[in-house]
Amino acid sequence: MNLTLKIWRQKDTKSKGKFVTYKMPDVSPEMSFLEMLDALNHKLIGSGDDPVAFEHDCREGICGSCGMYINGHPHGPVPAVTTCLLSMRHFSDGDTITVEPWRAKPFPVIKDLIVDRSAMDQIQIAGGFISVNTGAAPEANSILVPKKNSEEAFDSAVCIGCGACVAACKNASAMLFVSARISQYALLPQGKVEARERVRAMVAKMDELGFGNCSNTGACEAECPKQIRLVNIARLNREYYKAY
Amino acid sequence: MAVQIEKTMNMEKLDAKIPDGPLALKWTNYKASVKLVNPANKRKIDVIVVGTGVAGAAASSALGELGYNVKTFSYHDSPRRAHAVASQGGVNAAKNYQNDGDSVYRLFIDMIKGGDYRSREANVYRAAEVSNQVIDHFTALGVPFARDYGGTLNTRSFGGVQVSRTFYAKGQTGQQCLLASYASLNRQIKNGTVVMYPRREMLDLVVIDGRARGIIARNMITGEIERHSAHAVVLATGGYGTIFYLSTLAVNSNATAAWKAYKKGAYFANPSFVQIHPTSIPQMNEFQAKLTLMSESLRNDGRIWVPKEKGDKRPPNEIPENERDYYLERRYPAFGNLVPRDIASRAAKERCDAGYGVGPTGLAVYLDFRDSIGKQGKKAIEGKYGNLFEMYRTITGTDPYTEPMKIYPAGHYTMGGLWVDYELMTTIPGLYAIGEANFSDHGANRLGASSLMQIAADGYFILPVTINNYLSDQIRVARIPTDAPEFDEAERSVKERLERLVSIRGKQSATTFHKRLGLIMWNHCGMSRNEKGLLKALSLVKDLREEFWKDLRVPGSLYDLNQELEKASRIADFLELADLLILDALNRKESCGAHFREEYQTAEGEALRNDAEYTFVSAWEYAGEGKPHILHREELKFMEVEMKVRSYK
């Protein structure tokens with residue numbers, strides 16, 4: 001199929017960016033969205049142009065590196081997939097596709113489609129852990145966890161830290177991201193000991209870094225490639241109230 | 001072309017430092033006698049860790065907890081992106097929670113046997129011994145492992161073994177273990193014991209007076225070349241499986257750090273031992289480099305087959321039972337679909353090469369869940385593999401609950417890596433290699449779910465003990481200054497090489513060269529090798545390398561975010577490493593584990609090991625530009641295990 005791509009190009013954080021239009025003929029429906037961009041870059045390099053910079057690594061939807069706005073949706077129009085797993089069979093011949101970086105104050109653009117998401121690491125550093133030193137762990141089966149809790153904790157723990165929730169939110173809130181980690185630990189006995197300190201520290205850091213407030217719109221849940229649910233935010237709020 | 005391999009015996013330098021005493025007591029004895037560093041002195045000592053997969057993040061956090069000053073480097077934007085995240089199946093441990101007769105000794109035996117008697121007994125035994133601590137630690141860190149209704153941990157069985165010892169978190173065990181290691185790393189960053197340097201790529205090792213003292217790294221945003229020094233350097237930089245271009249690995253994974261260490265004097269062990277994974281989703285278009293892995297745990301419940309008739313183009317569900325060839329069950333009745341990876345991979349390739357392959361390219365076999373769904377119900381299968389089935393459907397557009405998956409082998413894991421002794425130190429004093437970056441525990445083939453086990457064992461429980469033995473001698477060494485002439489020289493050569501890459505201004509992109517190199521390696525140095533093909537590959541790689549340095553095109557500049565430059569620099573190293581893989585495969589005139597030399601097979605087409613002549617680790621030494629690589633041997637002594645011909649029949 002033949003496609004028209006409107007891609008955000010920006011030299012670096014300080015420069016002003018703009019959309020540049022590219023014609024992309026002969027796109028195979030078997031390609032992933034990133035393979036289509038690889039093909040575009042192959043063409044650009046061949047004609048002496050600067051290829052489009054975008055972040056990517058595992059290409060199987062688990063590392064969280066990739067992510068871009070595609071036709072107004074983080075990771076594109078198909079629910080529950082990352083950009084790397086978005087198949088071109090979901091597009092049609094003649095389509096114009098608009099591609100932009102995440103837009104959020106805490107995520108400055110570094111180049112083209114690459115943004116700085118280190119603010120998410122900062123929140124994890126503030127308290128997203130269980131304080132146990134190497135060698136200090138008890139025998140694994142001495143900690144009993146109901147199967148249901150363990151599975152629920154897993155469902156929260158599958159967050160890949162891609163930032164789609166922040167990018168989708170009109171307030172650039174990181175509540176879904178933070179609540180996934182808080183929930184994972186809140187559901188497990190191992191995480192309960194320092195639950196208070198954790199939720200206080202992570203929420204304070206989130207606010208400090210300029211992420212917005214949650215207004216329960218649910219865009220984050222709708223766009224999350226890993227289907228992290230809003231119920232996590234409710235749990236985060238409960239944990240937060242308990243902590244004061 | 002004539003291949004010259006110089007053989008020397010340098011036993012002094014290749015001392016594996018295996019502790020005395022009975023096998024089961026070696027690690028205990030070692031820990032009791034290892035030198036220690038007191039807490040006040042630890043604060044004066046710097047350690048660099050390169051890489052933030054499970055091994056790197058674990059080592060960083062464990063060293064930070066001990067009180068060392070740790071500087072940790074990653075080429076990702078965040079440590080959480082490292083490729084350990086994609087490990088699916090699980091973590092092996094000898095807990096024997098199933099009461100099925102498992103023990104540390106049995107896990108050890110399975111690993112030795114799985115590695116086809118080409119690994120070091122003492123190291124393997126230690127990995128098996130430490131495996132139980134790994135499970136305890138991950139559980140304490142909040143990894144949501146699968147559990148039974150009573151709240152205890154659940155396990156499943158995995159390729160190549162007869163007990164159920166694999167702990168798992170659905171098909172995302174690696175993600176959960178990596179995120180737990182990332183969390184423990186974050187805790188140390190908060191405590192100030194670890195300083196994290198993201199978006200930095202190590203481009204050289206700095207060796208001063210024979211000791212590893214630092215690295216040269218490129219800031220991938222600004223392009224600035226930086227110097228970082230330390231009393232010791234730990235490489236946790238993963239394997240080199242992306243040399244095949246088509247692989248199950250993350251596309252940025254590369255061999256550069258290990259290769260630079262090699263060129264600075266660290267020996268490289270068993271480079272030709274590369275595991276081809278039997279179950280990945282076949283390639284669908286020419287721009288695809290990444291082949292998604294479908295965990296081999298699927299082989300517990302999936303049955304592998306091809307049509308009995310050559311070129312049968314009917315949809316799989318229309319092929320009746322008696323016209324299906326369950327070739328693994330037929331050939332290997334004892335293990336059936338659970339034979340080790342190399343056997344499953346070669347069998348798939350053999351069937352496809354013989355014309356029985358399925359799908360549009362004929363390069364695929366079926367993995368069918370019909371019978372398991374019939375027996376256990378769709379819900380049970382969904383509980384075990386839900387996310388993998390979902391991923392398969394997302395990528396291919398077909399539903400594995402109703403139609404068999406199509407799978408094919410792909411490059412996956414490298415058992416070879418930097419040579420290390422029992423303490424995980426390379427032949428450069430003060431340089432350590434952990435995780436997939438070293439060669440130590442998997443011999444000629446790795447068993448499923450022993451990778452997460454080994455990388456966590458290395459990072460959390462082994463290196464943080466053994467490194468004290470070296471650092472205890474370093475307490476009087478002041479902080480290493482970065483203005484030493486060795487730093488000047490390393491920085492100069494890094495800059496010169498990068499400048500050379502951008503100034504060729506040829507016509508072909510780095511990726512074009514990578515594809516071509518991958519094809520050479522896959523065809524001639526992949527899952528099946530012969531002398532003629534390997535010699536041909538050597539000359540093809542040489543030509544390709546020359547063409548690369550004449551016709552490469554890297555747009556943009558050095559001092560900018562330049563992803564094409566990053567790729568070109570990594571591929572330049574792969575083009576050198578390729579020689580070593582081929583030489584090693586040529587030199588090893590036997591078939592063992594994942595290394596299958598066509599000249600050495602039984603009448604039934606099974607691998608034929610040559611224990612009399614090849615029971616050794618090949619450790620290669622760099623002799624300088626244009627000089628032949630030098631082979632050293634570490635003889636392997638099997639005191640505990642009787643060497644047997646592997647049989648999965």
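Laid out as a table, the results:
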| item | result |
| --- | --- |
| Flag if B:Gly89 is modelled with pLDDT under 95 and more than 7 Å from chain A (Cβ to nearest Cβ) | yes |
| Test: A:Gly212 is surrounded by fewer than 23 Cβ atoms within 10 Å (Cβ to Cβ) and in contact with a strand residue (DSSP E or B) (Cβ under 6 Å, 6 or more places away or on another chain) | yes |
| Residue that is nearest to the other protein chains (Cβ to nearest Cβ) [pool: residues in the stretch A:63-84 that are surrounded by fewer than 24 Cβ atoms within 10 Å (Cβ to Cβ) and in contact (Cβ under 8 Å) with a residue 40 or more places away in the chain] | A:Val81 |
| Matching residues, the stretch B:210-231, being surrounded by fewer than 23 Cβ atoms within 10 Å (Cβ to Cβ), away from every other protein chain (no Cβ under 14 Å), out of contact with any Ser or Thr (no Cβ under 8 Å at 6 or more places or on another chain) and outside any loop (DSSP other than H, G, I, E, B) | B:Arg211, B:Ile225, B:Glu226 |
| Residues of the stretch A:139-173 satisfying the condition of being within 7 Å of chain B (Cβ to nearest Cβ) and assigned to a loop (DSSP other than H, G, I, E, B) | A:Glu139, A:Ile143, A:Leu144, A:Val145, A:Pro146, A:Val158, A:Gly161 |
| Matching option when the condition is within 14 Å of another protein chain (Cβ to nearest Cβ) and buried (at least 19 other Cβ atoms within 10 Å of the Cβ), among B:Leu463, B:Leu517, B:Leu471, B:Leu498 | B:Leu463 |
| Test result for B:Gly383, in contact (Cβ under 8 Å) with a residue 40 or more places away in the chain and not assigned by TED's automatic domain parsing to the domain that holds B:Cys592 | no |
| Condition met for B:Thr173 (polar (S, T, N, Q) and over 18 Å from A:Ser142 (Cβ atoms)) | yes |
| Unique residue being crowded, with 22+ Cβ neighbours inside 10 Å, of a type outside the set (A, V, I, L, M) and within 14 Å of another protein chain (Cβ to nearest Cβ) when the list is B:Tyr182, B:Tyr197 | B:Tyr182 |
| Unmet requirement for B:Gly171, which otherwise passes all of (1) within 12 Å of chain A (Cβ to nearest Cβ); (2) surrounded by fewer than 24 Cβ atoms within 10 Å (Cβ to Cβ) | (2) |
| B:Ala59 being modelled with pLDDT of 95 or more, closer than 30 Å to B:Arg218 by Cβ, within 13 Å of chain A (Cβ to nearest Cβ) and in contact with a helix residue (DSSP H, G or I) (Cβ under 7 Å, 6 or more places away or on another chain) | yes |
| Residue check for B:Lys532: among the basic types (Lys, Arg), assigned to a helix (DSSP H, G or I), without any contact (Cβ under 8 Å) to a residue 60 or more places away in the chain and under 30 Å from B:Glu350 (Cβ atoms) | yes |
| Members of the stretch B:253-310 that are farther than 30 Å from B:Gly386 by Cβ and aliphatic (A, V, I, L, M) | B:Ala255, B:Ala257, B:Ala258, B:Ala261, B:Ala266, B:Ala269, B:Val274 |
| Residues satisfying the stated conditions in the stretch B:155-209, i.e. part of a loop (DSSP other than H, G, I, E, B), at pLDDT 95 or above and of a type in the set (D, E, K, R) | B:Arg165, B:Arg199, B:Asp209 |
| From A:Ala204, A:Ala222, residue being in the same structural domain as A:Ala126 (by TED's automatic domain parsing), over 20 Å from the mean Cα position of the chain (by Cα) and not aromatic (Phe, Trp, Tyr) | A:Ala204 |
| One residue from B:Leu561, B:Leu552 being farther than 18 Å from B:Gly411 by Cα, over 23 Å from the mean Cα position of the chain (by Cα) and surrounded by fewer than 23 Cβ atoms within 10 Å (Cβ to Cβ) | B:Leu561 |
| Selection within the stretch A:88-126 - within 30 Å of B:Asp136 (Cβ to Cβ) and at the interface with chain B (Cβ under 8 Å from one of its Cβ atoms) | A:Met120, A:Asp121, A:Gln124, A:Ile125, A:Ala126 |
| Leading residue by the ranking (surrounded by the most Cβ atoms within 10 Å (Cβ to Cβ)) among those in the stretch B:614-648 that are in a loop (DSSP other than H, G, I, E, B) and charged (D, E, K, R) | B:Arg646 |
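To keep it simple, each residue is scored yes or no on (1) buried (at least 23 other Cβ atoms within 10 Å of the Cβ); (2) of a type outside the set (Asp, Glu); (3) in contact with a helix residue (DSSP H, G or I) (Cβ under 6 Å, 6 or more places away or on another chain); (4) part of a loop (DSSP other than H, G, I, E, B).
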site	(1), (2), (3), (4)
B:Cys352	no, yes, no, no
B:Gly355	no, yes, no, yes
B:Pro360	no, yes, no, yes
B:Thr402	no, yes, no, yes
B:Val420	yes, yes, no, yes
B:Glu423	no, no, yes, yes
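The values are calculated or read from the model by the stated rules, or taken from the named source; none is laboratory data. Everything numeric in this text was worked out from a predicted model, so none of it was measured. Cβ coordinates were reconstructed from backbone atoms using ideal geometry, including for glycine residues, and neighbour counts include every protein chain displayed.
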